[in-house]
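Here the structure comes first, spelled out in structure tokens, and everything after it is commentary.
The values are calculated or read from the model by the stated rules, or taken from the named source; none is laboratory data. Only a predicted model underlies this, so the values are computations on that prediction, with no experimental measurement involved. Here the Cβ positions follow ideal geometry from the backbone for every residue, glycine too, while neighbour counts run over all protein chains shown. These area figures cover heavy atoms from the full protein model, side chains too; ligands, DNA and RNA do not enter into them. Shrake-Rupley method; radii C 1.70, N 1.55, O 1.52, S 1.80 Å.
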Amino acid sequence: GAQSIRVHGLITAYKDSPYQPDAICVLPSEFIRNQARAHVLNWKSTFKVSQLLGMHMRIFKRGTQMAGEGPAMMTRDGKVDKEAETNCKLDGPTFAYLAAVVVWTRWRANFYPEATVLASNEHDTKTLFKSTLPLGFKKVMPLMWVYPLEKYVESVTVEECSSALGAVLFDCMVCAFADRFIGNSCSSMSHYIHRIRVSFVGHPWNYSELIGGHRWNHLILEARKFIAGQLDPTASDQGAQSSARMSTIA
């Protein structure tokens, strides 16, 4: 059957120059912005929370059949870039561990996530909950509940694809209106959300954190050891070590 390929990463393009990161080329429509704002206000009212965390958990996969899939990252000489693969393509538990380090170290003085909205290309809610709930994230709400990922993948007609792209932009704006945001530094969509937050919504730039990449190498290794059961989370110096490593990331 027919398959539609939506390169929605193109909406993240810089308007003039990458040296002007606040200049957004494509801004979601007023209808989508209002819809996202209304959902955020409704969730805060329903769950009686004042501090909402938005997370974009970008899961990198192999293949071309599902959202978020793609080939391995390559070097200029055509070899697999092992460093990029290790530090950028974060699995759900690793990403959530790093997000927890950000929340409980860098932001702990003035932010406590009472609820978390989660945008992701991962369609398995069990995976999303398994990644986030054990690390202390409360009231996790996957945004796919608003627009199932299966509808996005299966869309073919112009109307279906427009609806699918609108769903992606809705996710962006929900994360943009959240009080704090955590995304993947190797994801163009995470960068797009961050720029909307700063230039359109008006959040301070340090109310967002994009994790992953070479600077996060030590914390990524720590996260994977923790997940593999090689670190004792109750060790008295474990939190101090994580905080120290976090302080080295500008």
Filter the stretch 113-138 for residues that are open to solvent by 20 Å² or more (accessible area, probe 1.4 Å) and at pLDDT 90 or above and give the result. GLU114
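What tally of residues in the stretch 201-217 results from selecting those that are in contact with a strand residue (DSSP E or B) (Cβ under 7 Å, 6 or more places away or on another chain) and either farther than 18 Å from VAL102 by Cβ or aromatic (Phe, Trp, Tyr) (or both)? Reasoning before the result, please.
First, pick out the residues of the stretch 201-217 that are in contact with a strand residue (DSSP E or B) (Cβ under 7 Å, 6 or more places away or on another chain): 207-212.
Now drop any that are not either farther than 18 Å from VAL102 by Cβ or aromatic (Phe, Trp, Tyr) (or both), which leaves 207.
Qualifying residue count, the stretch 201-217: 1.
Could you go through the stretch 58-79 and let me know if any residue there is at pLDDT 85 or above and part of a loop (DSSP other than H, G, I, E, B). Steps first, answer last, please.
At the first step, the residues of the stretch 58-79 found to be at pLDDT 85 or above are none.
Checked against the condition, which is being at pLDDT 85 or above and part of a loop (DSSP other than H, G, I, E, B), the stretch 58-79 yields no hits at all.
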Restricting attention to the stretch 34-56, does a residue exist that is at pLDDT 85 or above, loosely packed, with under 15 Cβ neighbours inside 10 Å and over 26 Å from LEU169 (Cβ atoms)? yes
Which of the residues belonging to the stretch 181-196 are open to solvent by 10 Å² or more (accessible area, probe 1.4 Å) and farther than 21 Å from ASN217 by Cα? MET189, HIS194, ARG195
